[in-house]
Each structure stands twice: as C-alpha cells, then as structure tokens.
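Asks: Dropping the structure in here first, questions after.
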Amino acid sequence: MFGNIFKPIFFGKFQTQDNKVFLVGTFKMGLVAQLIVWFSVIMGLVTQIVALPSIGTGSGFEALSFLEPTIFVGAGVLVVLSCKVPAKRDVAWIKHQIERALTVEKS
C-alpha cells in the first residue's frame, strides 16, 4: 500500500530462436501511476484555460495569477520525476531477478 506506485512493471513473454529461449518485453508504469499523472496534467491545463480570460486584468502579484496553473503542472512534473529517480534502480533489480530465475531454471 505504501510502496512506489511508479515502480516499473515488466510486460513480456518468452520467445524461442535458434534453440535458445529469450525473454522479450518492456517496462511500463502501472495504471494507477499513469492515471495520477494524466489527472494532474489535465487539471492543470483545464485550470489554465479557465484562467485565460483573467490574464492582464490585475496589477502587481494578481497579474501573475495566470502562472498558478503552470506552477501546478510544473510541480506535478517534478513529483513524477522525483518518484522515477528511485525507480531506476528497480529496473536493474528486476533484470537481475529475471536473469537469476532463468539461470536457476537451467541448472
């Protein structure tokens, strides 16, 4: 429940070529993580579109209020990138686990 939702998930299958078995696939982000990313980006863009009519109507700090949705989207991107950084080690760990499982299976 409290794990890394941005942890890569391996989607693949075993293929045989020249009497050798290969594991072929890709690592992808889980559905929940994708939904969180898309929801925050879409909400930021919708908020920015709604704020367009008020651009330039204020003075001082109010004139910069149109940047709030941009900051929201930027913060969301930073959250995603910060969660992906620790997940980079997960790819190597998963690769090692798969290689170890295939080695044990051969013996």
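Asks: I'm trying to understand the selection: among the residues of the range 67-92, which are modelled with pLDDT of 75 or more, surrounded by 11 or more Cβ atoms within 10 Å (Cβ to Cβ) and within 23 Å of ILE9 (Cβ to Cβ)?
Replies: GLY76, VAL77, VAL79, VAL80, CYS83, LYS84, PRO86, ASP90
Asks: In this structure, is GLY58 surrounded by 11 or more Cβ atoms within 10 Å (Cβ to Cβ), part of a loop (DSSP other than H, G, I, E, B), at pLDDT below 80 and over 11 Å from the mean Cα position of the chain (by Cα)?
Replies: For GLY58, the condition - surrounded by 11 or more Cβ atoms within 10 Å (Cβ to Cβ), part of a loop (DSSP other than H, G, I, E, B), at pLDDT below 80 and over 11 Å from the mean Cα position of the chain (by Cα) - is met.
Asks: Among the residues of the range 10-19, is any at pLDDT 80 or above, among the hydrophobic types (A, V, I, L, M, F, W, C), assigned to a strand (DSSP E or B) and surrounded by fewer than 13 Cβ atoms within 10 Å (Cβ to Cβ)?
Replies: yes
Asks: Just one of the numbered conditions (1) surrounded by 13 or more Cβ atoms within 10 Å (Cβ to Cβ); (2) assigned to a helix (DSSP H, G or I) is not true of ILE5; which one?
Replies: (2)
The values are calculated or read from the model by the stated rules, or taken from the named source; none is laboratory data. Everything quoted here is computed from the prediction, not taken from an experiment. Methodologically, a virtual Cβ is constructed for each residue, glycine included, from the backbone with ideal geometry; neighbour enumeration extends over all protein chains shown.
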